[in-house]
Amino acid sequence: MKMWLLFSLLVIISFKTCLSEFTWHRRYGHGVSEEDKGFGPIFEEQPINTIYPEESPEGKVSLNCRARASPFPVYKWRMNNGDIDLTSDRYSMVGGNLVINNPDKQKDAGIYYCLASNNYGMVRSTEATLSFGYLDPFPPEERPEVRVKEGKGMVLLCDPPYHFPDDLSYRWLLNEFPVFITMDKRRFVSQTNGNLYIANVEASDKGNYSCFVSSPSITKSVFSKFIPLIPLPERTTKPYPADIVVQFKDVYALMGQNVTLECFALGNPVPDIRWRKVLEPMPSTAEISTSGAVLKIFNIQLEDEGIYECEAENNRGKDKHQARIYVQAFPEWVEHINDTEVDIGSDLYWPCVATGKPIPTIRWLKNGYSYHRGELRLYDVTFENAGMYQCIAENTHGAIYANAELKILALAPTFEMNPMKKKILAAKGGRVIIECKPKAAPKPTFLWSKGTERLVNSSRILIWEDGSLEINNITRSDGGVYTCFVENNKGKANSTGTLVITDPTRIILAPINADITVGENATMQCAASFDPALDLTFVWSFNGYVIDFNKENIHYQRNFMLDSNGELLIRNAQLKHAGRYTCTAQTIVDNSSASADLVVRGPPGPPGGLRIEDIRATSVALTWSRGSDNHSPISKYTIQTKTILSDDWKDAKTDPPIIEGNMEAARAVDLIPWMEYEFRVVATNTLGIGEPSIPSNKIKTDGAAPNVAPSDVGGGGGSNRELTITWAPLSREYHYGNNFGYIVAFKPFDGEEWKKVTVTNPDTGRYVHKDETMRPSTAFQVKVKAFNNKGDGPYSLTAVIHSAQDAPSEAPTAVGVKVLSSSEISVHWEHVVEKIVESYQVNWKNSRSVSYQRHIRTLGSGPGIHKRLSLLTQQIRYWASHDKEAAAHRVQVASQEYSARLENLLPDTQYFVEVRACNSAGCGPPSDMIETFTKKAPPSQPPRIISSVRSGSRYIITWDHVVALSNESTVTGYKVLYRPDGQHDGKLYSTHKHSIEVPIPRDGEYVVEVRAHSDGGDGVVSQVKISGASILSPCLLGFLLPALGILVYLEF
């Protein structure tokens, strides 16, 4: 009994000691229980560098700090590594934010950081600098005037006042605000020092200049006293060479920043500025300002580092300047720490790696205080190692922080979260792994038993380091109850499961190799035996990838009609379906697989490695590598070409004409010289034509002299003393080389010596030779050939043409005029007896000095002149007295008679008419001028139709008499058009009366049009519609009248 009491007392003391130990560590963030859900602080907002304007009216500045944690964190702030007294009235806290009231430069400028803590630990924020910004005014003293000779360069100094920070922007005022100088190639404002540079001064530069300075950080601007600039006139401005006065220095830039380089030169004339990167291409993100004085590189990268050069040049000389851009990088994480849980007593390697330029150094904080430098390794960890850790990577450009919480686990073993499976299935003859994964810290020891038998490692049984049990070559006797026992210095636990042995899965009908042709179907058989208590599934894979029957159901199908059978049907097989097919029969316990190969024979694959060599004018050599024959020997190859003349690929002639399947080289022949070609090769076997190779790069064949002569050589006609020669230009495919043109040769028909001229325009098909001594209508022999830089081609067939004719020398006779109406006259004449007359020109003008022309082409005749179709055209020209002849209107009509009808003339107007004979060489002398008058205009008043009365089988239409005005022709009668409604043609009547009878239409409606007629023409029309309703016949009327009388008598 005493021993039992003593044992109980020891157990109670041990439990209290353990509990007190856990409670002590839990309070300071060193211990973890199973139910522990809290976590240490994690920053969500950290302070940033802040510039407070000294003249700010706000009177306070805020530095932000916010973290999430459970329980909520407590915040502290430090300045220059000293604690801030938050009880002072100058400071206040809003959440974790520090508010400084009435900031003072002497007291408050410095480096700040925030500390957030709870009982899991403490973390320290990034450091932030609080600075005080200012921009002093310019000195009040007047600035002296600047006198510069015109044509000379000059600089106006800005000399900005004291300021912070150094992020000023500069502009210059001219005479008054807000008139600012516009920068161009001649004027430049440096954003480095604010100076205004003028490459050469002009008289227009005269004025008062003020430097305008702005600070974006504190939103303040100031401007200097005005500087008078007085250009001094020079009779002649002297040029001088470019002189670079704004020079950029070596620059250290951070990757990702934008970099600006300035370069400006004085000089007369104004120098041009060019930029380049020495020995390397310019960055793709580089931009040069319109004036050329500024180079900006956006988002600069490490590869953009190098020497940059600015060159200024005018016609008097050049100047160069070089400097280097060094690109460095802010620290960036490669691998950083994350929240971690480790077992008590274990080891920990916590990798923390960063990159940057210069390479960052690594230091560690634990709970906000310096802890370690470099790589961190912890051995045999205890609760003292728990807490909030911060890995800091820093170089000269700044620092980055990675925060993480380290929790130390110390737990007795338990299977509550991950017990062993109650039932484990394993196939006879197979292998099984029974997992044992309790939660425990430190790591427990493992012991296994089957029933009451303890298990140890043997040839078939292996207990893994993590506690799992592996059994190989399973037999029926291995079935039973298995228990895993675990123990550490905190306690013990066990978990039990039952192992059930099943029949193995076996392939009993394996797929066999198949050989098919493209487009055919193939069947892969597969059947298996398995434990009847389990479900069997078949999985097919192709070249190691599982077949998705839903996505690939066009070609792959399963046979679901047979039990225990996984037969695969491959429909319309293509070359891509050739390969290894694997059937896997599987249950939840085990699986079995068998494979077979499918060979798909088809047309060859594309040849590869196509190369073009030995390029000549009409042939090239091609080499290629053999493609896949797809299990059917290649019988031949075909070379195909494509040019700019067509988008289609065409078979090329080759040497040898038939390219056997064992060849990998041939020559394409009969190509067009000086033509751009693409080539490809196609293989063929007994199963068809394969896919073509990838097209070659474009090549151009060598040039050659033309071998085709121009066609359709002819010509003739033209102006006086001209010989016109024409031909059909050769298309591009027959040029065969550069500098393509034509040589035109001609000579008199009976001459001996050919005269030759060169036409350099390859698209022209016409040449006109002028010779004042050339006789009209002289026969010439002509021929044309093509040439290029390689030589001349053959001449065309010789053609006979004639030089231009002389203009007619006779004037038409017997010219007469007949007035037809107020707007028309007819002109006639006798034919000029000359063999070279092609047309007549009729000229007329009215008394208002409006002139007209009209050409009438006629048929030429006589020896030596080619017969041609008689084509008559007339051209009418007219213009007002205040217009120029070039503005005249023209109208052309056709006729074959020696007369012309002139229309659209003005009524009651005097006209003068003359006629000229013309041909291609010009017009002859005019005929005698004929004077004539057009008649007065026809009546403008339409007839007023009074009535339209039906009388028997006719209509009587009556209208008022039309009285002409004094400037109109007297009415001589009336014209009446009787036509069906909707048609233009009908029967025309003439009458001197004021009425007319027309027949009643048989059906539908008719229109009766009436208009007055006079010597000046027809007047305005009036019209009336009449109906075509049927009329009762006399016999029917005789029958109906007695019946009507009876009805009246009966008072019906």
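Each residue in segment 191-216 was checked for being among the polar types (S, T, N, Q) and surrounded by fewer than 19 Cβ atoms within 10 Å (Cβ to Cβ), and 6 of them qualify. Check whether at least one residue in segment 537-553 is among the small types (Gly, Ala, Ser), in a strand (DSSP E or B) and surrounded by fewer than 18 Cβ atoms within 10 Å (Cβ to Cβ), and report yes or no. Checking segment 537-553: at least one residue is among the small types (Gly, Ala, Ser), in a strand (DSSP E or B) and surrounded by fewer than 18 Cβ atoms within 10 Å (Cβ to Cβ).
When residues in segment 74-85 are screened for being open to solvent by less than 60 Å² (accessible area, probe 1.4 Å) and part of a loop (DSSP other than H, G, I, E, B), 1 of them pass. Each residue in segment 278-298 was checked for being within 12 Å of VAL259 (Cβ to Cβ) and either open to solvent by less than 80 Å² (accessible area, probe 1.4 Å) or acidic (Asp, Glu) (or both), and 8 pass. Would it be correct to say that LYS437 is charged (D, E, K, R) and loosely packed, with under 12 Cβ neighbours inside 10 Å? No. Might you let me know whether segment 667-683 holds any residue that is among the hydroxyl-bearing types (Ser, Thr, Tyr), surrounded by 15 or more Cβ atoms within 10 Å (Cβ to Cβ) and within 22 Å of THR517 (Cβ to Cβ)? Checking segment 667-683: not a single residue is among the hydroxyl-bearing types (Ser, Thr, Tyr), surrounded by 15 or more Cβ atoms within 10 Å (Cβ to Cβ) and within 22 Å of THR517 (Cβ to Cβ). Picking from residues in segment 944-980 that are of a type outside the set (A, V, I, L, M, F, W, C) and open to solvent by 70 Å² or more (accessible area, probe 1.4 Å), the one that is nearest to SER823 (Cα to Cα) is ASN967.
Condition check ((1) of a type in the set (D, E, K, R); (2) touching a Gly at 6+ places or on another chain (Cβ under 9 Å)) across all residues:
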position	(1), (2)
ASN543	no, yes
ILE547	no, no
GLU567	yes, no
LEU575	no, yes
ARG580	yes, yes
ALA585	no, yes
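List the strands (runs of 3 or more DSSP E) inside segment 214-305, counting only whole elements, that have at least 3 residues being within 32 Å of the chain's Cα centre (by Cα).
Passing ranges, in order: 259-262, 272-277, 286-288, 294-297.
Out of segment 732-763, which residues are over 14 Å from GLY714 (Cα atoms) and open to solvent by less than 50 Å² (accessible area, probe 1.4 Å)? Scanning segment 732-763 gives HIS735, TYR736, GLY737, PHE740, GLY741, TYR742, ILE743, GLY751, VAL757, VAL759, PRO762. Across segment 684-717, what is the number of residues that are over 15 Å from THR638 (Cβ atoms) and open to solvent by less than 50 Å² (accessible area, probe 1.4 Å)? Of the residues in that region, 14 qualify. Per the listing GLU145, GLU150, the residue uniquely under 30 Å from VAL270 (Cβ atoms), in contact (Cβ under 8 Å) with a residue 40 or more places away in the chain and touching an Asp or Glu at 6+ places or on another chain (Cβ under 8 Å) is GLU150.
Taking the criterion of being open to solvent by less than 30 Å² (accessible area, probe 1.4 Å), assigned to a strand (DSSP E or B), out of contact with any Pro (no Cβ under 6 Å at 6 or more places or on another chain) and over 22 Å from ASP503 (Cα atoms), the only residue of segment 410-434 that qualifies is LEU411.
The strands (runs of 3 or more DSSP E) located wholly in segment 663-752 that include 1 or more residues which are under 30 Å from ARG775 (Cβ atoms) and among the aliphatic types (A, V, I, L, M) occupy 711-715, 722-728, 741-748.
Count, please, the residues in segment 380-397 that happen to be open to solvent by 10 Å² or more (accessible area, probe 1.4 Å) and out of contact with any Ser or Thr (no Cβ under 9 Å at 6 or more places or on another chain). Going through segment 380-397 one residue at a time, the tally reaches 6.
For the residues ALA533, ALA528, the requirement of being of a type outside the set (Val, Ile, Thr), open to solvent by 50 Å² or more (accessible area, probe 1.4 Å) and under 30 Å from ILE424 (Cα atoms) singles out ALA533.
Inside segment 96-151, can you point out the residues that are open to solvent by 50 Å² or more (accessible area, probe 1.4 Å), part of a loop (DSSP other than H, G, I, E, B) and of a type outside the set (D, E, K, R)? Lay out the reasoning, then the answer.
Pass one, segment 96-151, residues open to solvent by 50 Å² or more (accessible area, probe 1.4 Å): 102, 104-107, 111, 119, 127, 129, 134, 136-137, 139-145, 147, 149.
Still in the running and part of a loop (DSSP other than H, G, I, E, B): 102, 104, 119, 127, 136-137, 139-145.
Residues satisfying the conditions are ASN102, ASN119, PRO137, PRO139, PRO140, PRO144.
Restricting segment 315-368 to residues that are open to solvent by less than 40 Å² (accessible area, probe 1.4 Å) and among the hydroxyl-bearing types (Ser, Thr, Tyr) leaves a set whose member that is modelled with the highest pLDDT is THR340. If you go through segment 226-252 and keep only what is surrounded by fewer than 14 Cβ atoms within 10 Å (Cβ to Cβ) and closer than 27 Å to VAL201 by Cβ, you end up with ILE230, LEU232, PRO233, GLU234, ARG235, THR236, LYS238.
Confirm whether PRO444 is within 18 Å of GLU341 (Cα to Cα), touching a residue at least 12 places away in the same chain (Cβ under 8 Å) and surrounded by 15 or more Cβ atoms within 10 Å (Cβ to Cβ). So PRO444 passes the test. Regarding segment 172-186, can at least one residue be identified that is open to solvent by less than 20 Å² (accessible area, probe 1.4 Å) and touching a residue at least 60 places away in the same chain (Cβ under 8 Å)? No - not one qualifying residue is present in segment 172-186.
Counting only residues that are more than 20 Å from THR502 (Cβ to Cβ) and assigned to a strand (DSSP E or B), segment 460-487 holds 7 of them.
The values are calculated or read from the model by the stated rules, or taken from the named source; none is laboratory data. Note that the structure is a prediction, hence the values are computed from the model and not measured. Using ideal geometry, Cβ is built from the backbone for each residue, glycine included, and neighbour counts are taken over all protein chains shown. Protein only, heavy atoms only, side chains kept; ligands, DNA and RNA dropped before computing areas. Shrake-Rupley method; radii C 1.70, N 1.55, O 1.52, S 1.80 Å.
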